[in-house]
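*Asks:* Quick one: the structure is below, questions incoming.
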Amino acid sequence: MATVISAAAPGQQERTRSRERVVGVFRATPFSYATLILVSAVLCVPLVFVVSIALSSDQTVNANTFTILPREFHWENFTRVFGTELPMQRFLLNSMIISAGAVLGQVLSSGLVGYAFARLRAPGKNALFIVVIATMMIPSQITMIPQFILFKDLGWVNTYLPLIVPNFFSNAFNVFLVRQFVSRLPSEIDEAAMVDGLGFFGIYRRIMLPMLAPVLIAIGIFTLTATWGDFMGPLIYLNDESKMPLALGVQYITSTSQALQAPPWNLVMVGSILLTLPMILVYYLGQRYLYEMDISGGSAGVK
């Protein structure tokens, strides 16, 4: 195992020097800080408007007199949303179940497939990788109906399976990320591990998997973001209200208003905040792994 560590040292030193060169080029200046603050303020306007509507009273909603900056602070709206006729707690739980299954599937499959494309030697590997990458150009709308027919024949409609199982077959973008990440690692690591008696899965589990932590965590964050706020998938495959996630449940809040009354936009915005806050927290906690993934530093190319 000492041989493996010594083989990894040159690659680590090269990445450190490359990172230092990048930091040396992009020096922060007062102008760059001012620009970032201005752009951030503009981008935060929709979020502030959402919070303002969420804290509005029912009278303000009916009068449609919303303002960007909050004038009212009805914090009870955050508890009222759970008192509607809709099972909001169940919506939250469903979102957690679907998102956790999707993240697990993408992380497990993307790591193995990407590592195989980067390290295994097999005839036609490069051609197969090009085919995998080419699938990124296929719009999801084209495969929507065939997928629905397939899952209907399998009896998976109105279950979580169509939203979770496909993630265990990865996707082209995640495979590409892992392959590029592994391609930047010295091949001497694998060779030294083989000398120590490790096989393919042993190398992946004991050596590569810890090194792939940044890119796998980044894939988990990307998958969680896409799944947590997914609206179209649950709308197509789920029929029972008790199985719907929060993204679909927020839309159902608009149906709780009485006839000829405006939808309760304050409660709808509360639901939108419940959808947004977990993603902000996830990105805040996982941002250092996104930086460590260092997508811009990938120079391995498609070999």
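*Asks:* Which percent of the accessible area of the stretch 83-293 is formed by carbon and sulfur heavy atoms (probe 1.4 angstrom)?
*Replies:* Values: 7410 of 10850 Å².
Roughly 68 percent of what the probe reaches on the stretch 83-293 is carbon or sulfur.
*Asks:* Can you give me the % of accessible surface on the stretch 30-73 that is carbon or sulfur? Probe 1.4 Å, all protein chains present, nothing else counted.
*Replies:* On the way: 2380 of 3090 Å².
Taking all protein chains in place, the stretch 30-73 shows 77 percent carbon and sulfur surface.
*Asks:* Which label belongs to the value computed from this structure, given these candidates for Cα extents along the principal axes in Å: (1) 74, 61, 33; (2) 63, 57, 27; (3) 85, 82, 37?
*Replies:* (1)
*Asks:* List the relative contact order of the stretch 89-219 as a percent without decimals, with contacts defined as Cα pairs under 8 Å and 6+ residues apart. Numbers along the way, then the final one.
*Replies:* Values: 91 pairs, mean separation 58.5, N = 131.
Once normalised by length, the contact order is 45 percent.
*Asks:* Per DSSP H run of n ≥ 4, the term is -39500 (n - 2.57); total these for the chain, divide by its residue number, and report the mean residue ellipticity at 222 nm rounded to 500 deg cm²/dmol. Write out the running numbers ahead of the final one.
*Replies:* On the way: 15 runs with 202 residues, N = 303.
Estimated from H runs of four or more residues: -21500 deg cm²/dmol.
*Asks:* Suppose we flag GluC sites (Glu not before Pro) only when DSSP calls them loop and at most 12 other Cβ atoms lie within 10 Å. Which is the longest uninterrupted stretch of the chain? Let's see the in-between values first.
*Replies:* Values: sites that count: Glu76, Glu85.
Counting only loop sites that pass the neighbour cut-off, the longest clear stretch is 86-303.
*Asks:* Which of the chymotrypsin sites (Phe, Trp or Tyr not before Pro) found in the stretch 67-104 are loop residues per DSSP with 15 or fewer other Cβ atoms within 10 Å of their Cβ?
*Replies:* For chymotrypsin sites (Phe, Trp or Tyr not before Pro) across the stretch 67-104 that sit outside H, G, I, E and B with at most 15 neighbouring Cβ atoms in 10 Å, the list reads Phe73, Trp75.
*Asks:* Return the loop-located trypsin sites (Lys or Arg not before Pro) in the stretch 119-148 (DSSP other than H, G, I, E, B) with at most 13 other Cβ atoms within 10 Å of their own Cβ; answer none if there are none. It would help to have the intermediate numbers written out before the result.
*Replies:* Numbers: sites: Arg119, Arg121, Lys125; in loops: Arg121.
Of the trypsin sites (Lys or Arg not before Pro), the ones in loops of the stretch 119-148 whose Cβ has at most 13 other Cβ atoms within 10 Å are Arg121.
*Asks:* Per residue, how much accessible surface does the chain expose to a 1.4 Å probe? Answer in Å², no decimals. It would help to have the intermediate numbers written out before the result.
*Replies:* Working: 17570 Å² over 303 residues.
Counting only protein heavy atoms, the per-residue value for the chain is 58 Å².
The values are calculated or read from the model by the stated rules, or taken from the named source; none is laboratory data. None of the values given here were measured: they were computed from a predicted structure. When we count neighbours, we look across all protein chains shown, and the Cβ atoms used for this are built from the backbone with ideal geometry, even at glycine. We work out accessible area using only protein heavy atoms, side chains counted, and drop any ligands, DNA or RNA first. Shrake-Rupley method; radii C 1.70, N 1.55, O 1.52, S 1.80 Å.
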